[in-house]
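Q: I am attaching a structure below and will ask some questions about it afterwards.
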Amino acid sequence: GNSVTQMEGPVTLSEEAFLTINCTYTATGYPSLFWYVQYPGEGLQLLLKATKADDKGSNKGFEATYRKETTSFHLEKGSVQVSDSAVYFCALSDMNRDDKIIFGKGTRLHILP
Amino acid sequence: DTAVSQTPKYLVTQMGNDKSIKCEQNLGHDTMYWYKQDSKKFLKIMFSYNNKELIINETVPNRFSPKSPDKAHLNLHINSLELGDSAVYFCASSQYPDGGTDGYTFGSGTRLTVV
């Protein structure tokens with residue numbers, strides 16, 4: 001079945017560092033891909049998405065490109081801030097196969113001032 | 001505000017009690033979900049309803065019973081609470097069961113602590 005694998009955390013970086021959180025997926029169809037963010041004490045919020053190959057999703061300085069050839073959707077940000085400390089979830093939806101979104105296990109990010 | 005709202009935000013209760021969590025969405029979505037998030041932040045889907053009809057019922061103890069009186073509401077009743085039920089429970093909604101191209105909208109969670 002479809003699945004999402006993302007790098008285990010926690011990831012600890014200094015402020016202004018470059019961030020990459022890896023995400024790869026397995027899907028038989030043509031899924032939509034998402035990154036969700038969960039700030040402490042809050043619910044998940046959609047951060048960005050891409051619905052077809054080579055699309056780039058972006059929001060709040062974060063970017064991710066839908067790479068079908070490598071089945072990846074890595075999250076990047078050029079200069080992280082303390083306020084980016086959160087848990088990040090990669091996810092996919094495959095309309096032809098699943099009746100739910102498949103979530104990764106989450107990656108906790110700590111940004112040090 | 002358009003949103004998914006769930007109540008209560010915090011719930012502390014003793015083992016053996018019965019409790020309910022309520023969820024409402026005013027987004028006009030057809031599908032609603034309950035997720036359980038453990039202490040390691042792992043998300044596990046429990047139930048989903050599409051237009052008041054149960055479409056997902058994962059391996060969940062039958063002490064958990066969802067109820068959807070209409071497509072804007074999905075409640076979760078838990079009987080005979082156990083220590084292992086302590087977690088954060090999230091409600092979510094979407095227009096399509098698989099999330100489509102817009103994904104899910106989540107509530108802010110209910111932190112359940114069983115003592």
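Every number in this text was worked out from the coordinates using simple rules, so none of it is lab data. As the structure is a computational prediction, the values presented were derived from the model and not from experiment. Counting neighbours? That spans all protein chains shown, and the Cβs are built from the backbone with ideal geometry, glycine included.
Q: If I filter region B:80-91 down to residues being aliphatic (A, V, I, L, M) and assigned to a strand (DSSP E or B), which single residue comes out as surrounded by the most Cβ atoms within 10 Å (Cβ to Cβ)?
A: My answer is B:88.
Q: Still on this structure, please answer the following. Is it the case that some residue within region A:34-44 is within 14 Å of another protein chain (Cβ to nearest Cβ), surrounded by fewer than 16 Cβ atoms within 10 Å (Cβ to Cβ), touching a strand residue (DSSP E or B) at 6+ places or on another chain (Cβ under 8 Å) and not aromatic (Phe, Trp, Tyr)?
A: yes
Q: Please give the number of the condition residue B:77 fails out of (1) in contact with a Lys or Arg (Cβ under 8 Å, 6 or more places away or on another chain); (2) within 14 Å of another protein chain (Cβ to nearest Cβ); (3) surrounded by 13 or more Cβ atoms within 10 Å (Cβ to Cβ).
A: (2)
Q: Moving on to the next point. Which residue, of B:53, B:24, B:82, B:58, is charged (D, E, K, R) and within 11 Å of chain A (Cβ to nearest Cβ)?
A: B:58
Q: Another question about this same structure. Yes or no: residue A:33 without any contact (Cβ under 8 Å) to a residue 24 or more places away in the chain and part of a strand (DSSP E or B)?
A: Taking the combined requirement at face value, the residue does not satisfy it.
Q: Taking region B:29-78, which residues are of a type in the set (Asp, Glu) and either part of a loop (DSSP other than H, G, I, E, B) or more than 22 Å from residue B:108 (Cβ to Cβ) (or both)?
A: Once the filter is applied, which keeps residues that are of a type in the set (Asp, Glu) and either part of a loop (DSSP other than H, G, I, E, B) or more than 22 Å from residue B:108 (Cβ to Cβ) (or both), region B:29-78 yields B:30, B:38, B:53, B:58.
Q: Next question. Mind listing just one residue for me: the one in region B:31-61 that is out of contact with any Pro (no Cβ under 8 Å at 6 or more places or on another chain) and closer than 13 Å to residue B:93 by Cα and, of those, surrounded by the fewest Cβ atoms within 10 Å (Cβ to Cβ)?
A: Applying the filter and picking the extreme gives B:51.
Q: Next question. When you go through B:107, B:100 one by one, which is the residue that is within 9 Å of chain A (Cβ to nearest Cβ), surrounded by 13 or more Cβ atoms within 10 Å (Cβ to Cβ) and without any contact (Cβ under 8 Å) to a residue 40 or more places away in the chain?
A: It is B:100.
Q: Which of the residues belonging to region A:56-96 are more than 14 Å from chain B (Cβ to nearest Cβ), of a type in the set (S, T, N, Q) and closer than 19 Å to residue A:30 by Cβ?
A: Answer for region A:56-96, where residues must be more than 14 Å from chain B (Cβ to nearest Cβ), of a type in the set (S, T, N, Q) and closer than 19 Å to residue A:30 by Cβ: A:65, A:70, A:71, A:72.
Q: Still on this structure, I have one more. Output the number of residues of region A:46-94 satisfying the condition of being hydroxyl-bearing (Ser, Thr, Tyr) and assigned to a strand (DSSP E or B).
A: Residues meeting the conditions: 5.
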